[in-house]
Structure formats: C-alpha cells, structure tokens
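Accompanying notes for the structure given below.
The values are calculated or read from the model by the stated rules, or taken from the named source; none is laboratory data. This one's a predicted model, so the numbers in the text were calculated from it and none came from an experiment. Neighbour counts run over all protein chains shown; Cβ positions are idealised from the backbone, glycine included.
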Amino acid sequence: SAALTADAQRAYDLDREHVFHSWSAQGSLDPMVVTKAEGSYLWDGAGNRLLDFTSQLVYTNLGHQHPRIVAAIQEQAATLATIAPGYANGTRSEAARLIASHTPGDLDRIFFTNGGADANEHAIRMARLHTGKHKVLSTYRSYHGGTQLAVNVTGDPRRWPSDNGSTGTVHFFGPFLYRSAFSATTEEEECQRALAHLEQVITLEGASTIAALILESIPGTAGIMMPPAGYLARVRELCDRHDIVLIADEVMAGFGRAGRWFAIEHGDVVPDLLTFAKGVNSGYVPLGGVAISERIYRTFAARAYPGGLTYSGHPLACAAAVATIETMEDEGIVEQADVLGRDVLGPALRDLAARHPWIGEVRGTGAFWAIELVRDQETREPLAPYGGSSPEMAAIIAGCTRRGLIPFANFNRIHVVPPLTITAEEAKEGLAILDQALAEAHGA
Ligand code: PLP
C-alpha cells in the first residue's frame, strides 16, 4: 500500500467531516476510499487493486461497471430520466414483466420500492390488510432491513436498539443444525423439531392473531443456513392451514445468488409474497419490490392499496433491472453461479475446512457461502461472540485486505459472496488469500 492520492485524501477528509455512516459509532470510522471498480475488482485511494469477495453488500451480482447495465442507465437518462409512479412507462413495464417471468408460481404483479426494507414493510402491510390480522412471525438469525418494522422482524442485534415491543413481531427458531436450538443431531431431526417448535409458537401466539410469516429462503447475513429438505414446504402447509401469509425475503438470496433465479426454488415452494432488491439490477440504482400472488392482488383489485413511494419504479433503476435480467438470461448467469458453487467454491472451501482448525462448518450454494469459525471443534465456541468481533477475526480480515482481498465478515463468520460473474481463476486467487490470512492469524 502507498499514501492516498490528493483527490482520495480530500474524499476521505470530507467524508470524515460531513458523511454520517450506517450502523456505526461515527468517531471511530476509517473508511476505505474507492476510486474505481471493474468486474470483480475495485481500487482504493492509494491505487491498490482489491478483489471484491463481498459484492459490496451482496448486490453487485454482475460485477462492477457492467457495460450493458451502464449503457442502459445512460440511454434511459438521455430518453426519460424520471417519471412519477402513476404513469405507465415502457421501461418499468418491461422490468415488471421480466421479474414476473422468473418469480415462481403466480407471483406476477410487481410493486416497486427503493430497496429491501421498504419491500418487506409493504409486503407486511399487504399481508395485514389481506388477512385483517396483525402479528408477524420471523426467525432469530435473520435480517430484513433497517426501517422500524423491518428491523423489528429482523432477528439479529441490530434490532435491539429499535425494539420497543410495539410492532407486533414474534420471533421463532429456524433450523440450524450446527447450533441447534433443539439438541438435534441430524438434519431430519432438526427439521422435524424446528417445525414442531414453529407449530407450537403458532398455537401459543394464536393463529387468529398472525397475519404473516416472513423468512429468508436461505438466511443470508445471519450465516447462509441451508434449510433442510422439506422444511419450507412444511412451513408453507402450516401457513395455509392457519391463514397466514407466507413472505419469502429474497432480497439477498434472489436473482441467481443461490444458483437459482430465486432461492426458494431449492425448496420447490411458492410463497404468497416475495420481496427482492439488490441483485434485481446489481444495485446500480436503488430498487426493490414485492412480487404479489393473484390471491393477494385480488384483495386490492377494487380496494385501494394504502401505500406508495415517490420513486416507485424509477426509470433509471428499472432500466438497470432490464439490462441485468436480460444479461443473466443471455449469458446463463444463474447456471454459471450454480456451477461456480458446485465446482469451485464448495470444493475449495471444504478443502480449506479440512486444513484449518478454526473452520467449524462450511455452508452454501451458488455464489453464496459461509465459513463458521470456532475456537474449538468440540465446544463450537465461536471465534467472536454473537453480535461482536474479536482480535482473531480482525486479524483474518486485515490479513485478507493487506493481500488484496475484501472479505465479508459477520461476527465469527466469513462469507464468500463474490459477483456471480467472477471467473474460476479470480475465485481461486481470492481463496488462496483467504487460506494465507487464516493460517497467519491462527499462527500468530
Ligand atoms: N432483506 C435481506 C434478506 C437483506 O439481506 C437486506 C439487506 O441486506 C434487506 C432485506 C434490506 O435491504 P435494504 O438494505 O435494501 O433496505
């Protein structure tokens, strides 16, 4: 590394003077300046090239500066940069058609939002109005967004400061064999016990009070826990039996990340509402939305839906979505992500686990992987406490960055979530750096 350029130094200084950052104590921040990005790489303010194993916040699914997405935004800006949501517009209509063509079942009506949190807020509002009920069930170890209701259905420590008990949210345990809440020892046992637990939560909370159950088809930030076979289908049955709207949050796992257009396809289940954001347009312009089933759509056919946003279906964001989805179709990106997981990331991470005493478990699919780091294979004591960090985790992260890799870290986990377009060579380069950083931190 070298000193920042003069422009980068100015960006840094003005940031520290004026930019208020998410989720952070402002006084202790030291943000990396990024001046340029391309494909799977970005460049810091000193001119160092770094491999991006994070896809930023798991959204640049087609990598940085994809020429088709950039051109689509430029063309849309030159044609019609913006138009209010009440008008019909060709780009917005086409984005909705393309999204609906890939969502499962009859989820064919698209309400556009600015991102994932507001998509979940609106999905829950729809569920409450549709059922006339209020409570929302969601899992511990989940993330659904930063707005008041979305952060309260969230099951991670970011909920705690905003939880005043007034949002009608109730948490339950999803299946997670490695840290089983049910003392299960097999996937089948974990699945059965998690379902029995959920059924009991529904009984004790009262099915007549529960509007919706929201879950990530594969929980992302909380640790990429693959649901056991049959779990999602049984959740679907429970929701049907109790008139509970099933909301699949596909904000992180959707649009190819999990080697399918939507992660819920792994469970062969059709939810009532499906929320998306991030990968829908590789995050080049803020966009999220709710895909709505026919049944719920009909609730709002004659009765007004009481919700909206100034930028719902913004043409620049929709142009980026059209270009992203068409590129994914033309270039077989979803299949590419599936193969990347099966042939490259999965085998390499399992090999890493066989050699590193800290790796307790490797989980994932597609371009969506987590390694769970523990001090002790027997006790499974996390390498950093829940909700916190540790000197060991900091050493791994620093070791990666110093060698030219940006890792995604959360508590005691490193996630491997590169762009779906990463080449096998680039992926191997990043995994070799992770290998070295783990060995160095463990030896230190
Ligand atoms: N849902 C999931 C599963 C997410 O991973 C995220 C963001 O990480 C969100 C919702 C919130 O999305 P946004 O930050 O666009 O509001």
### Query
Which of the following residues is buried (at least 24 other Cβ atoms within 10 Å of the Cβ) and either of a type in the set (S, T, N, Q) or part of a helix (DSSP H, G or I) (or both): 214, 264, 202?
264
### Task
Collect the residues in segment 174-187 that are in a helix (DSSP H, G or I) and either more than 26 Å from the chain's Cα centre (by Cα) or buried (at least 20 other Cβ atoms within 10 Å of the Cβ) (or both), keeping them in residue-number order.
177
### Message
Conditions first: (1) of a type outside the set (Gly, Ala, Ser); (2) under 18 Å from residue 150 (Cα atoms); (3) touching a residue at least 12 places away in the same chain (Cβ under 8 Å). Residue 161 passes all but one, so which condition is the exception?
### Response
(3)
### Message
Tell me yes or no: at least one residue of segment 16-32 is crowded, with 17+ Cβ neighbours inside 10 Å, at negative phi and of a type outside the set (Lys, Arg).
### Response
no
### Task
Evaluate the following for residue 328: is it within 16 Å of the ligand (Cβ to nearest atom) and surrounded by 24 or more Cβ atoms within 10 Å (Cβ to Cβ)?
no
### Summary
All conditions in (1) in contact with a Gly (Cβ under 9 Å, 6 or more places away or on another chain); (2) part of a loop (DSSP other than H, G, I, E, B); (3) under 22 Å from residue 291 (Cα atoms); (4) not aromatic (Phe, Trp, Tyr) are true of residue 243 except (1)
### Message
Just the residues that are more than 10 Å from the ligand (Cβ to nearest atom) and within 20 Å of residue 341 (Cβ to Cβ), please, taken from segment 264-280.
### Response
264, 265, 266, 267, 268, 279
### Task
Consider residue 313 carefully, then state whether it is surrounded by fewer than 17 Cβ atoms within 10 Å (Cβ to Cβ), farther than 24 Å from residue 177 by Cβ and of a type outside the set (Phe, Trp, Tyr).
no
#### Entry: Search result, residues across segment 80-131 that are acidic (Asp, Glu), within 15 Å of the ligand (Cβ to nearest atom) and either outside the structural domain of residue 321 (by TED's automatic domain parsing) or touching a helix residue (DSSP H, G or I) at 6+ places or on another chain (Cβ under 6 Å) (or both)
121
### Task
Please work out which residue is nearest to the chain's Cα centre (by Cα), limiting yourself to segment 211-235 and to residues that are closer than 23 Å to residue 121 by Cβ and away from the ligand (no atom under 16 Å from the Cβ).
235
### Given (1) within 30 Å of residue 24 (Cβ to Cβ); (2) under 22 Å from the mean Cα position of the chain (by Cα); (3) not polar (S, T, N, Q), number of the condition residue 404 does not satisfy
(2)
### Task
Mind listing whichever residues of segment 115-157 are in a helix (DSSP H, G or I), over 20 Å from residue 295 (Cβ atoms) and either of a type in the set (Val, Ile, Thr) or over 15 Å from the mean Cα position of the chain (by Cα) (or both)?
121, 148, 149, 151, 152, 153, 157
